[in-house]
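Please treat every number below as a calculation from the coordinates, not as lab data. This is a predicted model, so every value here is computed, not measured. When we count neighbours, we look across all protein chains shown, and the Cβ atoms used for this are built from the backbone with ideal geometry, even at glycine.
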Amino acid sequence: MRTWNQLYSSLKSESKEVSSSLISNLQLGVVEGYKKGISLQKQCIEQEKISKLLSISNLPDFISSEEEKVFEDDQIEEEKDSENCEKLQFYLDLIFSSNIQSREEFYHYLPSIKEDNSFYYLSKILYALAKEKKDYSFILDDFEGEEHEYILKEIESIKSKIAWIHEYMAPSFESKDVKECQKNSLVYLETISNKACVLSDLKSNDIPLESYSSFMKLFRYLEEGVFPSLRKLQTNTSLFEVKDGASRVVFTRVYKNYYCVLTAFVKKCLWEKELRINLQNREDSYNKQSKQIYKCLEEENIEYLSRQKLFEEQIFSLLDRNQKDNIGGDAKCKK
């Protein structure tokens, strides 16, 4: 099996060269990394990877299907035992299932620049986009009229996304308001009496005091577009779990950069059966509410958004207060 680097070097490329300004930006990134204490050797390796990556996004149309299959088989081999695999699929699903209209919206679906393995995910996303562009180009001449125009439009859309990733990867991008580009908004599943379900979870005696700081981190990570130890749950709905130690938060994407938090718990403090029952109940509740939640977000319903803002204030106030004052959930797990 060939590695990524071997495949890159084996590709015969007629692609456009990476712009000199972008290369300059990459070189600046190496210098900045060195200043931050990252070894120059490691930075140079990363620069070489990025240069190859930017070239691969302009894959020649004549790359053989045999080579393509080797590339994909290679990816499967690399990812079989990788914890990155589920998170990669998460990002790909976001990008290919969303009707993205603008660069700012597209940035919401990319791995956060704070993500440790952001290069890995961006490289896979770029390859997927390049392959999609190649596939569309291959069938373009087989269609006429509206179908031909549709395919042309899709190709242009993919080119735009590739260009946006190039810009996103340049160190100079950091000078822009990245936080605003990537900030996610959290909404919280509600009870019948319009209370946040997760607030009840956090007040439960099943959550020990020492876990509050990790829950604070997890909520902040979700807002920043970082998904630590992301795992897709085996449920009928697309639910995901992030974790910090034994602390878990379960969520799903609802609309654009809005994510709905269903539950929070400490795994070692609950029996497996309890977890399954609780998760099933929350999934059922979400399925009943999901259309209404989507509608409220799409229409920017003031009453709903105000209620959600209040939930957020209550949740973060609870977590912050309990960290500072040492009050709240029992320090011991309930068995």
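State which entries of Lys183/Lys243; Lys124/Lys217; Lys267/Lys295; Lys217/Lys309; Lys203/Lys256 exceed 21 angstrom in Cα-Cα distance in the structure shown. Mind showing how you got there, number by number?
Working: Lys183/Lys243 19 Å; Lys124/Lys217 27 Å; Lys267/Lys295 33 Å; Lys217/Lys309 18 Å; Lys203/Lys256 30 Å.
The pairs that break the limit, which is 21 Å between Cα atoms, are Lys124/Lys217; Lys267/Lys295; Lys203/Lys256.
Sorting Phe265, Phe240 from the fewest to the most surrounding beta carbons within 10 angstrom yields Phe240, Phe265. Computed extension gain for Glu313 through Gln289, at 0.36 nm per residue and net of the alpha carbon distance, reaches 6.5 nm. Once the piece of chain linking Glu298 and Phe143 is laid out straight, how much longer is it, given 0.36 nm per residue of separation minus the C-alpha distance between them? Extending this stretch completely gives an extra 52.3 nm.
Take the Cβ atoms of Cys85 and Thr235, set R0 to 25 Å, and the FRET efficiency comes out at 0.85.
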